[in-house]
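Working notes, structure below.
None of the figures in this text is laboratory data; all of them are computed from the coordinates on show. It should be emphasised that the depicted structure is a prediction, and the values quoted were computed from it without experimental measurement. Cβ atoms come from the backbone with ideal geometry, glycine included; neighbour counts cover every protein chain shown.
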Amino acid sequence: DAGITQSPRHKVTETGTPVTLRCHQTENHRYMYWYRQDPGHGLRLIHYSYGVKDTDKGEVSDGYSVSRSKTEDFLLTLESATSSQTSVYFCAIRPLAGASGANVLTFGAGSRLTVL
Amino acid sequence: KNEVEQSPQNLTAQEGEFITINCSYSVGISALHWLQQHPGGGIVSLFMLSSGKKKHGRLIATINIQEKHSSLHITASHPRDSAVYICAGRALDGGSQGNLIFGKGTKLSVKP
């Protein structure tokens, strides 16, 4: 019954290679977010989207780019992966203000990325 | 200093015990979220509150806006409550990004 799925769930890659993580939602929520989670840190926002083709940077956006060409998909791309980008990446969605559950985030299951 | 601080970092309890996890914040927030992350990694939203208290089953969340403090209580704890509990404040100037500021989490382990 998951309204949000992430793929791949696990990936091992080498330094310098491009990587794309996909977040897909079936809830038609307006807002989509990419976070990374690392030991010793809280979840940190990488990029977010407030609509199709509308995206903006979060606090740790360096080395990452995103795209949202349709409501249901939000892609996170590492153009040239580095070891410091080894992390667990979470996508989250949120509906438009005023909608039911407007301020509650729904998280994906996470994507574990290892950069060797 | 982190803007959202949780205590304790780690907590071990015996089944049946009453558990309290604390969250203090130093920035203005419009609401505070409590999240649960199970060992498998998935994150679930438990509560969002901006004042007073909310209860869901054995979980109770309270917030004191003046003191910039929130607590999550678990009554009659059970091993299945073992998880990492995360608090996150929604900054007043969050805008469309929501601007959640996350604590580092409290790892709870409930022993049978």
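A few remarks follow.
- For chain B, the share of DSSP beta bridges that are antiparallel, to the nearest 5, is 90%.
- Whichever aspartates and glutamates have a C-alpha closer than 13 Å to that of A:Lys53, once near sequence neighbours (fewer than 8 apart) are set aside: A:Glu72, A:Asp73
- The Cα-based radius of gyration of chain B, divided by its Kirkwood radius, gives an Rg/Rh of 0.96.
- According to the Kirkwood relation over distinct C-alpha pairs, the hydrodynamic radius of region A:35-116 is 13.7 Å.
- Over chain B, relative contact order from alpha-carbon pairs under 8 Å, at least 6 apart, %: 36 percent
- Each pair of Cα atoms in the protein assembly as shown enters the Kirkwood radius, and Stokes-Einstein at 10 °C and 1.306 mPa s then converts it into a translational diffusion coefficient of 88 µm²/s.
- Förster radius 22 Å - calculated FRET efficiency between B:Glu5 and B:Ile60 (Cβ-Cβ, nearest 0.05): 0.60
- Spacing of the modelled spin labels on B:Ala76 and A:Thr17, each 7 Å from Cα toward Cβ, amounts to 5.1 nm.
- Here the alpha carbons of region B:40-95 define both size measures, Rg and Dmax, at 12.8, 38 Å.
- Spatially proximal lysines relative to B:Lys104 (Cα-Cα < 24 Å; intrachain offsets below 8 disregarded): A:Lys57, B:Lys1, B:Lys53, B:Lys54, B:Lys55, B:Lys68
- Estimated inter-spin distance, B:Glu67 and A:Val88, nm [label 7 Å along Cα→Cβ]: 3.1 nm
- Listed residues B:His38, B:Gly103, A:Tyr89: farthest to the positive end of the dipole of the protein assembly as shown (Cβ charges): B:His38
- Binning all Cα-Cα separations of region B:1-44 at 5 Å, short to long from zero, yields these whole-percent fractions: 5, 14, 20, 25, 22, 10, 4, 0.
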